[in-house]
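The values are calculated or read from the model by the stated rules, or taken from the named source; none is laboratory data. All values reported here derive from a predicted model rather than from experimental measurement. Every residue, glycine as well, gets a Cβ built from its backbone with ideal geometry; the counts of neighbours run over all protein chains shown.
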Amino acid sequence: MLIIDSKDCENIDKALKKYKKKFEKSKTLLQLRDRQSFTKPSVRRRTEVLKAVYKQQLAAGKFD
């Protein structure tokens, strides 16, 4: 549960902005989307490895 401390004089837009930022940092939405369907551990591991390979190739400058 996210708790936002807002002062009485604080604008509602600022409080909403703080809430949205805190919500994104907690990665709640990503967890919900991930739990919608079961992925096998081997598939999850394979996607992580492919992402890591892609990041290494991107850092090395192989993709222009």
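The residue that is farthest from M1 (Cα to Cα), counting only those in the range 23-64 that are among the acidic types (D, E) and in a helix (DSSP H, G or I), is E48. Checked against (1) at pLDDT below 95; (2) loosely packed, with under 10 Cβ neighbours inside 10 Å, P41 meets all criteria but (1).
Summed over the range 1-22, residues that are without any contact (Cβ under 8 Å) to a residue 12 or more places away in the chain, in a loop (DSSP other than H, G, I, E, B) and surrounded by 10 or more Cβ atoms within 10 Å (Cβ to Cβ) total 2.
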